[in-house]
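This report concerns only the one structure given below.
What follows is calculated from the coordinates using simple rules that are stated; it is not laboratory data. Just so it is clear, the structure is predicted and the values come from calculations on it, not from any experiment. With ideal geometry, Cβ positions are generated from the backbone for all residues, glycine too; neighbour counts draw on all protein chains shown.
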Amino acid sequence: MKDAHDVAVQVRRLGDPRPALALGTAAWVVATIVVLLAGDRWAATLPVCVAGIVVGLLGSALFLAQRRAARRGRRGAQVGLS
């Protein structure tokens with residue numbers, strides 16, 4: 001049986017959005033490079049790839065802003081971000 005501290009650490013690790021944001025944004029960067037190397041054949045998908053990168057960067061910025069607000073103890077900050 002796992003003790004409560006081990007479970008809390010595992011839940012905190014699995015609930016961390018940073019790896020998902022980083023992997024998702026990196027995947028869109030790779031997709032953009034592939035589209036650029038493919039030439040005219042996949043040129044219509046380039047705006048979708050760029051939008052994926054922009055959304056990933058905006059999500060990262062939002063997470064960082066909320067975490068900073070939570071650490072400062074601001075009233076409107078989300079709870080549980082450390």
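Here are a few things to note about the model shown:
- Value at 222 nm in deg cm²/dmol, rounded to 500, when DSSP H runs of n ≥ 4 in the chain each add -39,500 (n - 2.57): -24500 deg cm²/dmol
- Ranked list, fewest to most other Cβ atoms within 10 Å of each Cβ, for ASP16, ASP3: ASP3, ASP16
- Per residue, the average separation of C-alpha pairs within less than 8 Å and at least 6 apart gives the chain a relative contact order of 22 percent.
- Span-rule helices in the chain, defined as complete DSSP H runs reaching 20 Å or more along the axis (Cα) with Kyte mean at least 0.5: 18-38, 46-72
- Restricting the range 1-48 to trypsin sites (Lys or Arg not before Pro) in coil, as DSSP defines it, with at most 12 other Cβ within 10 Å: LYS2
- Sorted by Cβ density within 10 Å, fewest first, the residues VAL50, VAL11: VAL11, VAL50
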